[in-house]
1. Tell me the residue from Arg249, Arg320, Arg336 that is in contact (Cβ under 8 Å) with a residue 24 or more places away in the chain, within 12 Å of the ligand (Cβ to nearest atom) and of a type in the set (Lys, Arg), please.
2. Would you pick out the residues in segment 59-118 that are closer than 30 Å to Lys259 by Cα, part of a loop (DSSP other than H, G, I, E, B) and among the charged types (D, E, K, R)?
3. Only one of these is of a type in the set (A, V, I, L, M, F, W, C), modelled with pLDDT of 95 or more, part of a loop (DSSP other than H, G, I, E, B) and in contact with a helix residue (DSSP H, G or I) (Cβ under 9 Å, 6 or more places away or on another chain): Ala268, Ala239, Ala215. Name it.
4. Does Asn198 qualify as being under 22 Å from the mean Cα position of the chain (by Cα), away from the ligand (no atom under 14 Å from the Cβ), farther than 27 Å from Arg307 by Cβ and modelled with pLDDT under 95?
5. If you take the residues of segment 206-226 that are more than 15 Å from the ligand (Cβ to nearest atom) and either without any contact (Cβ under 8 Å) to a residue 40 or more places away in the chain or of a type in the set (Lys, Arg) (or both), which of them is nearest to Ile315 (Cα to Cα)?
6. Based on what the data block shows, is Ile188 more than 16 Å from the ligand (Cβ to nearest atom) and buried (at least 21 other Cβ atoms within 10 Å of the Cβ)?
7. Can you run down the residue pairs with Cβ atoms below 7 Å, 6 or more apart or on separate chains, where the first is in segment 290-316 and within 23 Å of Met278 (Cβ to Cβ) and at pLDDT 95 or above and the partner is within 15 Å of the ligand (Cβ to nearest atom) and assigned to a loop (DSSP other than H, G, I, E, B)?
8. Is it fair to say Phe124 is touching a Phe, Trp or Tyr at 6+ places or on another chain (Cβ under 9 Å), over 26 Å from Arg249 (Cα atoms) and either within 16 Å of the ligand (Cβ to nearest atom) or without any contact (Cβ under 8 Å) to a residue 60 or more places away in the chain (or both)?
Amino acid sequence: MKNIKDYDLNDLKEELVNIGEKPFRAEQIFKWLYQEKVKSFDEMTNLSLELREKLKQNYTFCNFNILKKQESKDGTIKYLFDVLDENAIETVLMSYHHGYSICVSSQIGCKMGCKFCASTGIDFVRNLSSGEIIEQLLAVEQDTGVKISNIVFMGIGEPLNNYNNVINSIRIMNNPKGLNIGARHISISTSGLVPGINRLANENIQCTLSISLHATNNEKRSSMMPINNAFPIEELMQACKDYIEKTHRRISFEYALAKDNNDNLEDAKELVKLLKGMNCHVNLIPINKIENGDFIKSSNENIMKFRDYLNDHGIVATIRRELGSDIDAACGQLRRTALNKH
Ligand code: SAH
């Protein structure tokens, strides 16, 4: 059976017409799902009992169970959700002065194989559906009672490798009759899938695009991110330039600093050369140590030097505040954790 949260409003209208209902019922259902945030068809009290029964027969509701919840000293909460098929995914809620942000997973496992990331080394299982992406937000809001205002696709998985479901979930988030979260408050982060970036440029969605760059030449980038062998830096940068030209939107470049690997002034110089003249922003992330990982965090001093060099040479750069590292909820620390039901 299909999950009712997999549908954008227009598709839901079509679905309802197909089962002999009036399209405006879709708007009512959307309101129950995304504004009232109910957890069952029975709570949709302005629908007839008959329609509620029909919905139950045709669609699942997909409420995730919380398997585990860990709270960091800084208020960050990491959830392990049971996605109802023997699999589990992690989702993180972060609190900032401007509101609550959620870091959602887009796949169960990841195919990208980045050497510094904890989601690597676990088998890829499958894509999450749009409804499963949306459900992460709903389950966290239901559990905490907070209103989430920002969404980042920086959890487990490569969002552009699950393109259709991710875009469809953004339409549901974005829809004023859905979750009503402005696209500017939604960020997609990619390891650099060029065809996906090109497609996104034509999508007419105002979300923020983040590129996980992490290195400035092909040799170094390929040693950290195998995807660079398929889409080398030149192709990636061309796609970014085309994206900016088409969308007039600024791109964020993520750069995780690892000691003696990509954090010296030579690297900063190369980065300036690469990004000069582009409408962009650089997010510097102190790389997080993962189990069995080779990379070590740069010193604070080096990170600040790196930032200052970029800023002094016309590239806007900030250091990302790390949240949740004490509960393994910071960037790159999320992993698909197998369910153990026995
Ligand atoms: N697959 C997507 C989104 C998930 S990763 C992507 O690659 O962008 C989210 C961000 O965390 C990416 O910028 C990723 O490169 C970064 N990241 C992964 N492991 C990290 C680590 N150990 N320390 C710091 N950042 C890390």
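The values are calculated or read from the model by the stated rules, or taken from the named source; none is laboratory data. This structure is a prediction, so every number in the text was calculated from the model and none was measured. Counting neighbours? That spans all protein chains shown, and the Cβs are built from the backbone with ideal geometry, glycine included.
1. On the way: Arg249 fails: within 12 Å of the ligand (Cβ to nearest atom); Arg336 fails: within 12 Å of the ligand (Cβ to nearest atom).
Testing whether each residue is in contact (Cβ under 8 Å) with a residue 24 or more places away in the chain, within 12 Å of the ligand (Cβ to nearest atom) and of a type in the set (Lys, Arg) leaves just Arg320.
2. Within segment 59-118, Lys73, Asp74, Lys111, Lys115 qualify.
3. Numbers: Ala268 fails: part of a loop (DSSP other than H, G, I, E, B); Ala239 fails: part of a loop (DSSP other than H, G, I, E, B).
Just a single option satisfies the conditions, and that option is Ala215.
4. Details: under 22 Å from the mean Cα position of the chain (by Cα): yes; away from the ligand (no atom under 14 Å from the Cβ): yes; farther than 27 Å from Arg307 by Cβ: yes; modelled with pLDDT under 95: no.
Judged against the criteria, Asn198 is not a match.
5. Asn218
6. Details: more than 16 Å from the ligand (Cβ to nearest atom): no; buried (at least 21 other Cβ atoms within 10 Å of the Cβ): yes.
Spelling it out, it is not the case that Ile188 is more than 16 Å from the ligand (Cβ to nearest atom) and buried (at least 21 other Cβ atoms within 10 Å of the Cβ).
7. From residues that are within 23 Å of Met278 (Cβ to Cβ) and at pLDDT 95 or above, the pairs are Phe306/Asp263.
8. Working: touching a Phe, Trp or Tyr at 6+ places or on another chain (Cβ under 9 Å): no; over 26 Å from Arg249 (Cα atoms): yes; either within 16 Å of the ligand (Cβ to nearest atom) or without any contact (Cβ under 8 Å) to a residue 60 or more places away in the chain (or both): yes.
Criteria not met by Phe124.
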